[in-house]
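The block underneath contains the structure these notes are about, expressed in structure tokens.
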């Protein structure tokens with residue numbers, strides 16, 4: 001009997017069975033490993049859940065540089081409490097300080113000219129003009145006397161006809177000089193005319209406005225706290241260039257942490273189940289299982305695209321969310337701005353009901369399977385339709 005014809009088919013069958021067993025074993029579903037951190041429990045049976053990010057009650061205030069330039073000095077530290085109007089950091093002011101000195105000098109000169117104009121007439125100038133007028137009047141009297149004496153000679157003097165025009169000219173010249181002196185005296189007496197005074201006053205106002213503008217720019221070089229708040233982050237460093245304007249880098253972040261708020265994102269598919277009358281808690285993520293009661297503050301009327309991500313593998317990002325603001329009832333909760341928490345809210349059906357027993361938040365159980373004919377018939381797809 002030839003054993004080759006018997007052994008080869010047996011070996012082939014054994015190989016096929018071994019291959020099938022190996023493939024089936026490798027394709028067998030691996031049991032899901034237990035979670036490293038137990039799932040967060042919800043105290044509400046019917047609930048609406050969402051991710052909440054802790055934020056200041058004032059929301060985050062991102063402070064940029066008011067003007068472009070080198071940062072001269074940073075006056076605060078992270079975590080420091082500041083009051084409204086307190087200086088936070090300063091932009092280099094050397095060029096503006098020099099401009100302010102020149103503008104102040106020009107304003108001082110304009111004010112001096114105004115004071116000088118208002119002080120007119122000066123006593124010395126008035127006396128000088130009066131003396132000149134008296135002198136010209138005396139010259140007129142002298143010229144008129146010589147003319148009268150010449151006319152009194154009449155035809156008796158041989159030189160009278162030749163000298164008469166000269167004497168008349170001297171009288172006319174003296175009278176014109178007297179009129180000029182009288183006009184100068186009147187001008188000195190009036191001082192500065194109102195029209196000229198208004199022009200000088202306008203020059204003073206212009207110089208003062210220039211000084212005020214430069215001082216305003218100097219004050220803008222100092223970034224100040226817009227509200228009473230706490231410094232949360234500082235990105236400004238002395239000697240660093242800070243740009244101002246749209247799209248410029250934020251130099252500081254601050255906000256009012258008294259009290260702390262939490263902004264909750266509720267999926268638009270669950271938004272209809274939300275009730276502001278329902279109780280709510282916020283739970284920490286990670287190893288520490290701690291929950292904190294929160295109270296409703298307000299809701300954002302506009303449904304927005306989702307931006308805050310929780311990091312879950314099955315998380316949807318192509319959705320829109322209803323944002324609801326809550327406040328921590330305990331002012332000393334161990335959370336920090338920017339921290340992500342899980343928030344559970346009583347849905348509209350449970351609002352006002354007694355507190356239910358805590359139910360762990362788990363994935364829905366898989367459909368039961370059975371090898372009985374009834375279960376097989378119930379779970380088998382209906383191909384007849």
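Any chance region 94-112 includes a residue that's within 42 Å of the chain's Cα centre (by Cα), modelled with pLDDT under 90 and surrounded by fewer than 16 Cβ atoms within 10 Å (Cβ to Cβ)? Show your work before the answer.
Narrowing region 94-112 to residues within 42 Å of the chain's Cα centre (by Cα): 94-112.
Filter once more, so that each one left must be modelled with pLDDT under 90: none.
Looking for residues that are within 42 Å of the chain's Cα centre (by Cα), modelled with pLDDT under 90 and surrounded by fewer than 16 Cβ atoms within 10 Å (Cβ to Cβ), one finds none in region 94-112, hence no.
Pick out the one residue from 152, 98 that is over 30 Å from residue 218 (Cα atoms) and assigned to a helix (DSSP H, G or I). Steps first, please.
Values: 98 fails: over 30 Å from residue 218 (Cα atoms).
After ruling out the rest, the residue left standing is 152.
For the condition under 36 Å from the mean Cα position of the chain (by Cα), more than 21 Å from residue 55 (Cα to Cα) and either assigned to a loop (DSSP other than H, G, I, E, B) or at pLDDT below 90 (or both), what is the one hit in 363, 312? I'd like the intermediate steps shown before the answer.
Numbers: 363 fails: under 36 Å from the mean Cα position of the chain (by Cα).
312 is the lone residue from the list that is under 36 Å from the mean Cα position of the chain (by Cα), more than 21 Å from residue 55 (Cα to Cα) and either assigned to a loop (DSSP other than H, G, I, E, B) or at pLDDT below 90 (or both).
Can you confirm whether region 205-222 contains a residue that is closer than 30 Å to residue 71 by Cβ and not in a helix (DSSP H, G or I)? Write out each step before concluding.
At the first step, the residues of region 205-222 found to be closer than 30 Å to residue 71 by Cβ are 209-222.
Narrowing further to those that are not in a helix (DSSP H, G or I): 221-222.
Within region 205-222 (the criterion being closer than 30 Å to residue 71 by Cβ and not in a helix (DSSP H, G or I)), the answer is yes, since at least one residue qualifies.
Quick check on my filter: what residues within region 234-245 are outside any loop (DSSP other than H, G, I, E, B) and either free of Cβ contacts under 8 Å to residues at least 12 places away in the same chain or surrounded by 18 or more Cβ atoms within 10 Å (Cβ to Cβ) (or both)? Quick ask: steps written out before the conclusion?
The first filter runs over region 234-245 and keeps only residues outside any loop (DSSP other than H, G, I, E, B), leaving 234, 241-242.
Passing the criteria: 234, 242.
Please count how many residues of region 264-289 are surrounded by fewer than 19 Cβ atoms within 10 Å (Cβ to Cβ) and within 27 Å of residue 229 (Cβ to Cβ).
Number of matching residues: 2.
When the residues of region 246-266 are narrowed to those that are in contact with a strand residue (DSSP E or B) (Cβ under 8 Å, 6 or more places away or on another chain) and outside any strand (DSSP E or B), which ends up farthest from residue 49 (Cα to Cα)? Steps first, answer last, please.
Residues of region 246-266 that are in contact with a strand residue (DSSP E or B) (Cβ under 8 Å, 6 or more places away or on another chain), as a first pass: 248-257, 259-266.
With outside any strand (DSSP E or B) added as a condition, the list becomes 248-251, 256-257, 259.
Working: 248: 37, 249: 35, 250: 33, 251: 35, 256: 26, 257: 24, 259: 23 Å.
Top of the filtered list is 248.
The values are calculated or read from the model by the stated rules, or taken from the named source; none is laboratory data. None of the values given here were measured: they were computed from a predicted structure. Please note: Cβ atoms are built from the backbone with ideal geometry, for glycine as well, and neighbour counts cover all protein chains shown.
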